[in-house]
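Structure, as structure tokens:
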Amino acid sequence: MGGCFKWFAAVALVVLVVGGDWAAAEIQCNDAVARVLPCEAFLLSGDSTPSAACCSAVQSLDQTATASAGDRRAICECFKDVAKSFPINLAKAQLLPELCHVTVGVKIDPDVDCTR
């Protein structure tokens, strides 16, 4: 999985450099991606459920997204770009909020409208 981590980190770096209007938010894309690294096994492999560490990370990121509209949009735009660039299992990514018991959630989808 070391190769996947390097690829994931490289994608995060590219997203950060290319950036968008969300770059001024308190949370940066590379920080958001780093927070969900414990979910790598669930999102990229055959793990059928996310680990406790993954859910803890998702819950933490959800709290950040809930606390600030700017951060929510930044996280959404970041994951939207990552979903376009990285071969994650989108169906599994979309299950994370339910499986990790978060209500707001930031949808990981290359077509999501982050202004809503």
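The values are calculated or read from the model by the stated rules, or taken from the named source; none is laboratory data. Quick caveat, the model's predicted, so the values are computed rather than measured. Note that each Cβ is placed from the backbone with ideal geometry, even for glycine, and that neighbours are counted across all protein chains shown. Remember, those area values only see protein heavy atoms, side chains included, never the ligands or the DNA or RNA. Shrake-Rupley method; radii C 1.70, N 1.55, O 1.52, S 1.80 Å.
Residues in the stretch 69-116 that are open to solvent by 60 Å² or more (accessible area, probe 1.4 Å), within 12 Å of the chain's Cα centre (by Cα) and without any contact (Cβ under 8 Å) to a residue 24 or more places away in the chain: 94 only.
For the stretch 18-50, a residue qualifies if it is modelled with pLDDT of 55 or more, assigned to a helix (DSSP H, G or I) and not charged (D, E, K, R), and the qualifying residues are 29, 30, 32, 33, 34, 37, 38, 39, 41, 42, 43, 44. Of the set (1) surrounded by fewer than 18 Cβ atoms within 10 Å (Cβ to Cβ); (2) at pLDDT below 90; (3) not in a helix (DSSP H, G or I), all apply to residue 66 but (3).
The requirement of being at pLDDT below 85 and either surrounded by fewer than 21 Cβ atoms within 10 Å (Cβ to Cβ) or more than 11 Å from the chain's Cα centre (by Cα) (or both) is satisfied by residue 15.
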